[in-house]
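The values are calculated or read from the model by the stated rules, or taken from the named source; none is laboratory data. Only a predicted model underlies this, so the values are computations on that prediction, with no experimental measurement involved. Cβ coordinates were reconstructed from backbone atoms using ideal geometry, including for glycine residues, and neighbour counts include every protein chain displayed.
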Amino acid sequence: MLQDVSNIRQVPDHQEVFADPSRDESLVFELLDLKPDINDNGSAVWFLQDLANEQDAQGFTLVDQSGVVEVPIGDSSALVTTAIGQMGISKGRQGREAQNVVRVYLANLRLKNAGTDVLVVAHEPILISPLSESASAVGPGLLPAAQSGFLPMSEVFKVAVSSFKVNDWSLFGGSGN
């Protein structure tokens, strides 16, 4: 079960994090200033590669990507692209020997009228290193999410993206719509 951890550990003000420590899964919503120099069609891939670079990920592989879809959000709309990647990452300062293999689902909802890129990012572990601090909670080895009895992260991600809405446009410094 995902729980809101943004009030438990320090996260930036522009980010909301939900996590299931027993599965080492997380779902992150992040608000960023719109990056107008990034092409709409390639924006999700750009942000996913940027995330891999920030995490000092090893073996980044782009698994899938979508084209741009315009979706209504209240009286406005968003341009949405998605990308799925796989990479090796380690938590904190554990080092490369403690890297877990993670599938990352990323959607970029471009709210151009609000000058904002909204990222929805889901992390799903594929392989937990026995040297990772996650191994004590989740167990080392392969983690077949479909066989765990839990809703797969891919489905959690789809629901999060498809049900996204803005309740208060004033959060973006104006009317936004």
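Being modelled with pLDDT of 90 or more, surrounded by 18 or more Cβ atoms within 10 Å (Cβ to Cβ) and not in a strand (DSSP E or B) is the filter here, so list the residues in the range 78-126 that pass it.
Of everything in the range 78-126, those that are modelled with pLDDT of 90 or more, surrounded by 18 or more Cβ atoms within 10 Å (Cβ to Cβ) and not in a strand (DSSP E or B) turn out to be Asn113, Ala114.
Tell me, please, whether a residue that is under 23 Å from Gln55 (Cα atoms) and out of contact with any strand residue (DSSP E or B) (no Cβ under 9 Å at 6 or more places or on another chain) can be found in the range 105-125.
Looking through the range 105-125, none of the residues is under 23 Å from Gln55 (Cα atoms) and out of contact with any strand residue (DSSP E or B) (no Cβ under 9 Å at 6 or more places or on another chain).
Among residues belonging to the range 11-44 that are touching a Ser or Thr at 6+ places or on another chain (Cβ under 8 Å) and surrounded by 19 or more Cβ atoms within 10 Å (Cβ to Cβ), point out the one that is nearest to Leu171 (Cα to Cα).
Among them, the one singled out is Val17.
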